[in-house]
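Here the structure is laid out as structure tokens; the discussion comes afterwards.
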Protein chains: 2
Amino acid sequence: MIESLNQAFCALPGVGKKTAQRFVYHLLERDRNGGFELAKALVDAMEHVKHCASCRTLSEKELCNICTNNNRTSTQLCIVETPTDIHAIEQSGAYKGKYFVLSGYLSPIDGIGAAELGLDELEQKLRTQSVEEIILATNATIEGEVTAHYISNMCKQFNIRITRIAHGIPIGGELEYADINTIAHALSGRKDYD
Amino acid sequence: MIESLNQAFCALPGVGKKTAQRFVYHLLERDRNGGFELAKALVDAMEHVKHCASCRTLSEKELCNICTNNNRTSTQLCIVETPTDIHAIEQSGAYKGKYFVLSGYLSPIDGIGAAELGLDELEQKLRTQSVEEIILATNATIEGEVTAHYISNMCKQFNIRITRIAHGIPIGGELEYADINTIAHALSGRKDYD
């Protein structure tokens, strides 16, 4: 029982044997209630959380809170890889439009193509709704760039502004510690200083 | 639901908001089965794991595997703070005796006294069983030292050898990186070189 709980914890990302053991002993020795609560929360979430029918993020309801929020503009659509990315952008407070979650990136070798990322749904959305701008906010990785490129190609058939979030030196970051690719990006993406 | 699962994960030691979120999204997006399995393992363990009646470690049975193992000598008793410590010592393969788990350390300010650490049981054990050596393997912290000192005092009434595990430079460790207390301990605990 202790061993199978250990193994079940090891299935979590970034949790190895030592960490799993710490979790198990903590719950058994100090917080059995916490263990029961975690079990209940797990079953609840696994059974009831589904994907928003509109933006594909994780949601307890048919449509998520952002999609049903009328105070947010529907003319901007920010394309992200995961629901966590939405959370990150929301915390910045710099965006008031809607989202579309790919749940991954294009990876033909793993069998993840346009259909798996819901790009058909996205195309349908662009065809039927009045979207004026697509913001490509996939990660700044090779896979993210490829995916962004593919989506921008797909969107060209529509009369839509297509943008990509800026890449460069992070705010508070020092040039000295930035990697060469970031510096190259920051230079080529330089803007007029006003 | 997502939020309460997040919070339930945050109750685990060393798990903050970001890590909890990673767990939640991983399970929801990629491994719902893993989520159900973790829930089941949690309930099983929380309901059925209890403490060994003899050594107080966590055990699924009345007596743990070590206490019921007749190949292990009962004349040596190693006193540790937690069941994890047993696991660590067992992995070293250097000990073939029995254990006694305190489940903590003396901390009068938190209301943790001799009774909470099971020292009455330990005294009873020493009175009734033929223990020849007590190995104090509490942590090398102030609390661990105080607890070891208390237990050694308690055991003086019996005709028993009382030892403390050695403290010094870890094997593979470099003197340069050891802290001053460890170095002081290593010097004062030096042995004749043979």
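Take residue B:116, move 7 Å from Cα toward the beta carbon, and the resulting point lies 5.2 nm from the same point in each other copy, nearest first.
List the trypsin sites (Lys or Arg not before Pro) within the range A:94-155 that DSSP assigns to loop and that have no more than 15 neighbouring Cβ atoms inside 10 Å.
Details: sites: A:96, A:98, A:125, A:127; in loops: A:96.
Here the sparse-neighbourhood loop sites are A:96.
The residue in chain A that lies nearest, by its beta carbon, to the axis linking chain A with chain B is given here with the distance in whole angstrom as A:39, 2. Of all DSSP-defined beta bridges confined to the protein assembly as shown, some 20% are antiparallel rather than parallel. Would any residue of the range B:96-113 have its amide N under 17 Å from a label point 7 Å out along Cα→Cβ of residue B:61? List them or say none. Inside the label zone: B:98-99. With the largest listed first and rounded to whole Å, the semi-axes of the equivalent ellipsoid of the protein assembly as shown from the Cα gyration tensor are 56, 26, 17. With all pairs of different C-alpha atoms in the average, the Kirkwood value for the hydrodynamic radius of the range A:109-162 is 11.8 Å. A point 7 Å from Cα along Cα→Cβ stands in for residue B:73, and the other copies hold the same point at 8.0 nm, listed in rising order. Label-to-label distance for residue A:71 and residue A:146 is 4.1 nm, based on points extended 7 Å past Cα in the beta-carbon direction.
What relative contact order, as a whole-number percentage, does chain B give when Cα pairs under 8 Å and 6 or more residues apart are counted? Before the final figure, lay out the partial values.
On the way: 217 pairs, mean separation 25.4, N = 194.
Result for chain B is 13 percent.
Most simply put, chain A has about 20% antiparallel DSSP beta bridges, counting only bridges with both residues inside it. Could you give log10 I(q)/I(0) at q = 0.20, 0.27, 0.29 Å⁻¹ for the range A:2-48, computed by the Debye formula over C-alpha point scatterers of equal weight, without solvent? For the range A:2-48, the Cα-only Debye profile gives -0.68, -1.04, -1.09.
From the protein chains alone at 1.4 Å, what is the descending order of accessible area for B:46, B:1, largest first?
Values: B:46 10, B:1 65 Å².
Ranking B:46, B:1 by accessible area, largest first, yields B:1, B:46.
When the chain is fully extended, how far beyond the present Cα-Cα distance does residue A:7 get from residue A:90, taking 0.36 nm per residue of separation?
Numbers: separation 83, 0.36 × 83 = 29.88 nm, distance 3.43 nm.
Once the chain is fully extended between residue A:7 and residue A:90, it gains 26.5 nm.
Across chain B, the volume of the C-alpha convex hull divided among the residues equals 205 Å³ per residue. A simple spin-label model places the labels of residue A:167 and residue B:127 7.4 nm from each other, with each point 7 Å out along Cα-to-Cβ.
For n ≥ 4 DSSP H runs only, could you compute -39500 (n - 2.57) per run for chain B, divide by its residues and tell me the 222 nm figure to the nearest 500?
Values: 7 runs with 83 residues, N = 194.
Here the helix-only value at 222 nm equals -13000 deg cm²/dmol.
Tell me, what is the percent relative contact order of the range A:75-164, built from C-alpha pairs under 8 Å that lie six or more residues apart?
On the way: 120 pairs, mean separation 30.1, N = 90.
This gives 33 percent for the range A:75-164.
In this assembly of identical copies, the label point of residue B:178 (Cα plus 7 Å along Cα-to-Cβ) is separated from its counterparts by 4.6 nm, sorted shortest first.
Taking the Cα centroid of the range A:65-127 and of the range B:115-130, what is the distance between the two, rounded to the nearest whole Å? One Cα centre to the other: 63 Å.
Between residue A:139 and residue A:40, the FRET efficiency estimated from the beta carbon spacing at R0 = 30 angstrom works out to 0.35. A simple spin-label model places pseudo-atoms 7 Å from Cα toward Cβ; at residue A:115 and residue B:32 they are separated by 2.0 nm.
When the P(r) is computed for the range B:131-194, the part past 17 Å accounts for 52% of the Cα-Cα pairs.
For the range B:90-140, the calculated P(r) over all alpha carbon pairs, in 10 Å bins from 0 to the bin holding the longest distance, is 20, 48, 27, 4 percent. Convex hull volume of the Cα atoms of the range A:75-164, normalised per residue: 86 Å³.
Which value, in debye to the nearest 20, gives the size of the charge dipole of the protein assembly as shown about its Cα centre, when Lys and Arg are +1 and Asp and Glu are -1 at the Cβ? Show your work: numbers first, answer last.
Numbers: 38 positive and 50 negative charges, 80 e Å.
For this selection, approximately 380 debye.
The values are calculated or read from the model by the stated rules, or taken from the named source; none is laboratory data. Because the structure is a prediction, the values reported are computed rather than measured. Every residue, glycine as well, gets a Cβ built from its backbone with ideal geometry; the counts of neighbours run over all protein chains shown. Accessible surface is based on the protein model in full, side chains and every heavy atom, while ligands, DNA and RNA are left aside. Shrake-Rupley method; radii C 1.70, N 1.55, O 1.52, S 1.80 Å.
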